[in-house]
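Worksheet: the structure to be examined is printed underneath.
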């Protein structure tokens, strides 16, 4: 049985105001942060909140750490997690929150040897599960 949805505090109904945008529900539904640490989750929310319309932010590690009450080392570690799952691109000091339309492994990072050309080729990548599913189901999707 599902509880009926009702506004708990109608006078505080959330509205989208510029430059604020909603956090994409696919983040949870598609498991983008599955296996990520709570620090990575907090960092993602922070960067989604402060980024401009293109997903860009120039916040320094020390400033992010101060806002979240963590260490700069934790910022670096959490950022690496987000890069590894394809949610962020990073080229110090610039962070870009990436769209959820395509999964790309390890986008541009100053602590990565990947080039932009490698990333552009990876944009056409497909999930191995999408390839194997028809085989497992006898050609049916």
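Read-outs throughout are calculated quantities, based only on the coordinates presented, and are distinct from any laboratory measurement. Not measured: the values here are computed from a predicted model. We place every Cβ from the backbone using ideal geometry, glycine too, and count neighbours over all the protein chains shown.
Arranged from highest to lowest average of other beta-carbon atoms within 10 Å per residue, in what order do the peptides 36-45, 80-89, 49-58 appear?
Details: 36-45: 17.6, 80-89: 21.6, 49-58: 13.7.
By packing density, highest mean first, the sequence is 80-89, 36-45, 49-58.
By how many nm would the segment from residue 58 to residue 71 lengthen if fully extended, with 0.36 nm per residue of separation less the alpha-carbon distance? Could the numbers behind the result be given before it?
Details: separation 13, 0.36 × 13 = 4.68 nm, distance 1.75 nm.
Gain in length upon complete extension: 2.9 nm.
For labels at residue 27 and residue 13 in the simple 7 Å Cα→Cβ model, what's the distance in nm?
In this crude spin-label approximation the distance works out to 2.4 nm.
Cα gyration tensor of region 1-96, axes a ≥ b ≥ c as square roots of the eigenvalues: rounded (a/c below 1.5), prolate (a/b > b/c) or oblate?
Prolate is the answer for region 1-96, as a/c is 1.5 or above and a/b outweighs b/c.
Could you order the peptides 63-71, 90-98 from most to least packed, using the average number of other C-beta atoms within 10 Å per residue?
90-98, 63-71
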